[in-house]
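One structure is given below, encoded as structure tokens.
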Amino acid sequence: MANHVASKGIFVNLWAREEEVVQIINSKHENTTFLAGIPLSEKIVATASVAEAVSEAELLFLIIPTPFIAKWLEENQTMLPWQVPLVCFSKGIEQQSLRTPYEILVDELPGKYHAKLAVVSGPSFAKEIGVGLPTSVTCAAQDIEVAKQIQLALATRNFRVYTASDVIGAELCGALKNVLAIACGASDGFGFGANARAALITRGLAEMTRLVVKKGGKASTITGLAGVGDLVLTCSSSLSRNYSVGQAMAMAARSQPQQKSKEDSSNNFNRDLAVAEGVKTSLAVHLLAERLGVEMPICESVYEVIHKGIDIKTALRKLQDRPLRAEHDEYQGTWVWSAL
Ligand SMILES: NC(=O)c1ccc[n+]([C@@H]2O[C@H](COP(=O)([O-])OP(=O)(O)OC[C@H]3O[C@@H](n4cnc5c(N)ncnc54)[C@H](O)[C@@H]3O)[C@@H](O)[C@H]2O)c1
Ligand SMILES: O=P(O)(O)OC[C@H](O)CO
């Protein structure tokens, strides 16, 4: 995102946690640790000081993994200006509290910050944005004027930004697609085929809809970029860490010979496992769905495999063995996804 914003001629102060990342970005204009191979604009200046990074900022982006947001805010919030929009790009649900990133921001930041909070979600691999490939995202904010301000600031011919007011829907979609991508990767890793993957995506959308609506989000968000857009992307590309984790787990379970060397594969797997948000989010979704009484069998299967040690093939087969029923139920005069 820093590279994208810099491509508009805007100077970007980039805070990075690791001193070596700061140094290599400033000296080689490349983030060799987290985004190797992508040249970064000279308009990006990295710093390890949050105070330095945010001084004179007209727009703040918070893009760190969800499990670290609360702690980061606790340590750094006094340095953040409250008069400028703060846009969060993180996708996940906090494990203990079951809060989305926006809910964490609202809880942890004083009230004066709240009016300017926004989230960006949608199909957006960093590796593709970093090299300027066409991308479209949704920016959701409670105050639509804030969303429009961010839309104007970020939009280019290659980066379309749509506005939305359904923050909770956009965020839940971004979190759930990571869990569903693990299921799709696993299905593909087993060689279950394109039919199975399409079914998982479609019934995954049904699960997303039920949870979003129960949490007060809009069903229409599901048909947008944050919903179907990001779900299709993440469930069908090995550029996704979440999809790759599912795929690698299934391949390991099948003991299929890996295409790359064993060492390469397991290095990649451990790296993806550590950063794939769906791994931790699957536990949060299990707890949230239980608390809200929402049935989410695919997400539940991912939870059972990762956190309960259930055999991956058994979990996928269990989904196939569920009772047969109608695809949609009639609910208050409209057709909605059925519960199973
Ligand atoms: N990578 C993508 O393509 C992409 C696209 C859209 C949204 N996102 C979301 O953005 C967020 C960040 O993803 P990412 O791919 O940049 O990171 P990542 O998942 O690759 O994790 C590495 C990043 O986490 C940071 N980090 C590690 N420990 C930390 C700590 N204790 N406190 C603060 N930061 C810490 C590291 O400095 C590094 O920047 C995630 O929520 C992800 O879902 C990522
Ligand atoms: O690599 P993933 O699975 O974390 O997905 C990255 C982005 O969220 C895709 O929109």
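Taking 0.36 nm per residue of separation and subtracting the Cα-Cα distance, full extension of the segment from Glu18 to Leu292 would add 94.8 nm. For the chain, the Kirkwood hydrodynamic radius comes to 20.8 Å, computed from all pairs of different C-alpha atoms. Summing Lys and Arg as +1 and Asp and Glu as -1 over all other residues whose Cβ lies under 14 Å from the Cβ of His29 gives a net charge of 0.
What share of the DSSP beta bridges in the chain is antiparallel, in percent to the nearest 5? So the antiparallel bridges amount to about 35 percent of the total.
State the extension gain, in nm to one decimal, for the chain segment bounded by Ser237 and Ser136, taking 0.36 nm per residue of separation less the distance between their alpha-carbons. Intermediate values should be presented prior to the final figure.
Working: separation 101, 0.36 × 101 = 36.36 nm, distance 1.68 nm.
The span from Ser237 to Ser136 would gain 34.7 nm if fully extended.
What order, most packed first, do the peptides 170-177, 200-207, 126-133 have when packing is the mean number of other Cβ atoms within 10 Å of each residue? Spell out each step's value before the answer.
Numbers: 170-177: 30.2, 200-207: 21.1, 126-133: 15.5.
Highest mean packing first, the order is 170-177, 200-207, 126-133.
The value obtained for the stretch 148-292, namely the Cα convex hull volume divided by the number of residues, is 131 Å³ per residue.
Per-peptide packing, taken as the mean over residues of other Cβ atoms within 10 Å, places 96-104, 13-21 in the sequence 96-104, 13-21 from highest down.
Averaged over residues, the count of other Cβ atoms within 10 Å places the peptides 22-30, 137-145 in the sequence 137-145, 22-30, highest first.
The fraction of all Cα pairs in the stretch 88-205 landing in successive 5 Å bins from 0 to the largest distance is 2, 11, 17, 18, 18, 15, 11, 5, 2, 1, 0, given as whole percents.
R0 = 45 Å: FRET efficiency of Asn195 with Val106, Cβ-based, nearest 0.05? Computed FRET efficiency for Asn195 and Val106: 0.60. Legend: calculated FRET efficiency, Glu56 to His328, from the Cβ-Cβ distance at R0 = 41 Å, rounded to 0.05, equals 0.20. Once both labels are positioned 7 Å from their Cα atoms along Cα-to-Cβ, the gap between Phe11 and His114 label points is 3.5 nm. May I ask you to derive the FRET efficiency for Asn270 and Glu74 from their Cβ-Cβ distance with R0 = 25 Å, giving the value to the nearest 0.05? The calculated FRET efficiency here is 0.30.
Just flag the trypsin sites (Lys or Arg not before Pro) in the stretch 275-326 sitting in loop per DSSP whose Cβ has no more than 10 other Cβ atoms within 10 Å. Don't skip to the end; give the middle numbers.
Details: sites: Lys280, Arg291, Lys308, Lys313, Arg317, Lys318, Arg325; in loops: Arg325.
Counting only loop positions with at most 10 other Cβ atoms within 10 Å, the trypsin sites (Lys or Arg not before Pro) in the stretch 275-326 are Arg325.
Projected label points at Asp143 and Asp321, each 7 Å from Cα along the beta carbon direction, are separated by 5.5 nanometres. Helix-only arithmetic for the chain: the sum of -39500 (n - 2.57) across DSSP H runs with n ≥ 4, divided by the residue total, places the mean residue ellipticity at 222 nm at -15000 deg cm²/dmol. When both the stretch 181-230 and the stretch 42-79 are represented by their alpha-carbon centers, they are found 32 Å apart.
Report the far tail of the P(r) of the stretch 2-167, meaning the percent of Cα-Cα pairs longer than 20 Å. Please list the in-between numbers first.
Details: 7080 of 13695 pairs.
Counting every Cα pair in the stretch 2-167, those more than 20 Å apart make up 52 percent.
Just add up the charged neighbours of Glu171: K/R +1, D/E -1, any other residue whose Cβ is under 13 Å from the Cβ of Glu171.
Details: positive: Lys91, Arg99, Lys177, Lys215, Lys218; negative: Glu94, Glu103, Asp166, Asp230, Glu277.
Net charge around Glu171: 0.
Using a simple spin-label model with pseudo-atoms 7 Å out from Cα toward Cβ, Lys127 and Leu98 lie 3.5 nm apart.
Bear in mind these aren't lab numbers, they're just calculated from the coordinates by the rules spelled out. Values in this document were obtained by computation on a predicted structure and should not be read as measured data. Positions of Cβ are generated from backbone atoms using ideal geometry, with glycine treated the same way; all protein chains shown enter the neighbour counts.
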